[in-house]
1. How about region 459-481: which of its residues are without any contact (Cβ under 8 Å) to a residue 60 or more places away in the chain and either over 23 Å from I163 (Cβ atoms) or not assigned by the TED database to the domain that holds E103 (or both)?
2. Counting just the residues of region 232-268 that are of a type in the set (V, I, T) and either within 14 Å of the ligand (Cβ to nearest atom) or within 25 Å of I145 (Cα to Cα) (or both), which one comes out nearest to the chain's Cα centre (by Cα)?
3. Does region 354-370 include one or more residues that are charged (D, E, K, R) and farther than 26 Å from T309 by Cβ?
4. Checking G360 against (1) under 24 Å from T177 (Cβ atoms); (2) surrounded by 18 or more Cβ atoms within 10 Å (Cβ to Cβ), only one condition comes out false. Which one?
5. If you go through region 160-179 one residue at a time, how many are assigned to a loop (DSSP other than H, G, I, E, B), within 19 Å of V71 (Cα to Cα) and away from the ligand (no atom under 16 Å from the Cβ)?
6. Kindly indicate whether A438 is touching a residue at least 12 places away in the same chain (Cβ under 8 Å), among the aliphatic types (A, V, I, L, M) and part of a loop (DSSP other than H, G, I, E, B).
7. Is there any pair with a first residue in region 343-360 that is over 21 Å from L314 (Cβ atoms) and a second that is surrounded by 13 or more Cβ atoms within 10 Å (Cβ to Cβ) and among the acidic types (D, E) whose Cβ atoms are under 8 Å apart and which are 6 or more apart or on different chains, and what are they?
8. For region 117-159, which strands (runs of 3 or more DSSP E) that fit wholly inside it have 1 or more residues that are assigned by the TED database to the domain that holds S226, more than 25 Å from the chain's Cα centre (by Cα) and of a type in the set (A, V, I, L, M)?
Amino acid sequence: MKVLNYIDGRWMPSISEQFVPIINPANGESIGEVTVSNVQDVEQAVLAAKRAQKTWAFVPAPKRAEVLYKVGMLLQERKEQIARLLTMEMGKVIEEARGEVQEGIDMAFYMAGEGRRLFGDTTPSELPNKFAMSVRAPIGVVGLITPWNFPIAIATWKSFPAIVAGNAVVWKPALETPMMAQQLAQIFEQAGLPNGVFNVVHGRGSIVGEAVVKHPNVKVISFTGSNEVGKRIAETCGRQLKKVSLEMGGKNAIIVMDDADISLAVEAIIWSAFGTSGQRCTACSRIIVHERVKQQLEERLLAAMNTLTVGNGLEEGVKVGPVINQEALQKIHHYVQIGKNEGATLLAGGYIMQGDQYKGGFYYAPTLFTNVTPTMTIAREEIFGPVASIICVRSLEEAIEINNSVDYGLSSAIFTRDIHRAFTAMRDFDTGIVYVNAGTTGAEIHLPFGGTKGTGNGHRDSGVAALDVFTEWKSIYVDYSGKLQRAQIDV
Ligand code: UN1
């Protein structure tokens, strides 16, 4: 299968005529190829988007929303087919792939509903016979740059609010997952979105991504990816005074107190640490446990890890799929070596999986370290793989301090039956997302998604908060007094 750019409603290869293979991480086999674009392709896409946006902005928001309802229905119809393709392209196990498509469906219906809200405010004026209100206005062309780990969901988090708010989109998806971008673009096409409102340009971040970010006619950038790339994007946008929303990494912790339901905590840790092979920005990679339950938790975690089947995500029953590519595999393994060298105790895993059933694929054994201290590299840096570290504490205060001591602030969780401890954690965890008696993953699309510190720059994906990224507030005053009333002066 050849994946092409989608510009102004047309499917076309890049002017570069270059293609690279799309690799199934479960077996290393090529499942197609994707066009690799250059700056000229971006130029074309931005031009088309700019033209289309002018008309799209005049379509009433409830009508714009009708397209999203159709998109939601088409996603629903094709859920299984897209999920299977998603597993082949990116490796996550099929039940999670279905969950991801569901996230897109939910977002379509939720944001379509916003088409009939898009609420602004009416506010009393300080002057008589004068009316004041603020409304949300579209911004123009928005540039979206998204990662491979949630190739459908994250694209929907960004493009659906952008489109319902009256913007046009130029999207650079990850080069690892172009087929998901193609699926979404085809669905928009079938749902009747006017040409040019949604454009996809495939290519490398250093060329296509950078061209989108730098383009003077792209007025907003929304990015999910690494901290390093995010900072570079922010610098470029800063110089141009361009609005930029960044969602970057996490170093998320689950805190297990001595009064916790340990079985529940074990289940949640397994799901949040090893689901998606740990390749979620919300993945749990630190387990902060009270000393009184440390040994029990370790034993039960090890027992639960023994039941995890690693393999091709298309096979039902497999719980942990491959990681995305060879580079990721090496990076994860490198962190494991650092962990050992720094004196952490390896309890399970710690190796690249070999054997006939893993041939050609990129499989890392679910890995658990204990006796980890908060200053160790594996307790501070994002590994983005199935590796979790146990850190032992004596009190809730110490747990909170360690939770908050990392550079990231996306998601954290506490397991306790004590309402005082739960509310203290809710108040004091310095993360954008907090869970009580649930793992760090599994955010729902109608709540804001994002984090503090190195995770973001104050903006949020999802929820109504997403509309703040893709709209500009416009304050409107209507004076019907028939005379010139001067605020702050004629009082
Ligand atoms: C991500 O890893 O970038 O909360 C997104 C979750 C998912 C989304 C993760 N709903 O884990």
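1. none
2. Taking region 232-268 as the starting set, the residues that turn out to be of a type in the set (V, I, T) are 233, 236, 244, 254-256, 262, 266.
Cutting the leftovers down to either within 14 Å of the ligand (Cβ to nearest atom) or within 25 Å of I145 (Cα to Cα) (or both) gives us 233, 236, 244, 254.
Working: I233: 17, T236: 21, V244: 15, I254: 20 Å.
My answer is V244.
3. Kept after step one, since they are charged (D, E, K, R), are these residues of region 354-370: 356, 359.
Next, only the ones that are farther than 26 Å from T309 by Cβ stay: none.
No - not one qualifying residue is present in region 354-370.
4. (2) is the only condition that G360 fails.
5. The initial filter retains those residues of region 160-179 that are assigned to a loop (DSSP other than H, G, I, E, B), namely 165-167, 173-177.
Those still in the list that are within 19 Å of V71 (Cα to Cα) too: 165-167, 173.
Now drop any that are not away from the ligand (no atom under 16 Å from the Cβ), which leaves 165-167.
Counting residues in region 160-179 that are assigned to a loop (DSSP other than H, G, I, E, B), within 19 Å of V71 (Cα to Cα) and away from the ligand (no atom under 16 Å from the Cβ) gives 3.
6. On the way: touching a residue at least 12 places away in the same chain (Cβ under 8 Å): yes; among the aliphatic types (A, V, I, L, M): yes; part of a loop (DSSP other than H, G, I, E, B): yes.
Yes, satisfied.
7. Going by the 8 Å Cβ cut-off, the qualifying pairs are L347/E298.
8. Details: elements: 121-124, 130-138, 141-145.
Fully inside region 117-159 and qualifying: 130-138.
The values are calculated or read from the model by the stated rules, or taken from the named source; none is laboratory data. Just so it is clear, the model here is predicted, and its values are computed rather than measured. With ideal geometry, Cβ positions are generated from the backbone for all residues, glycine too; neighbour counts draw on all protein chains shown.
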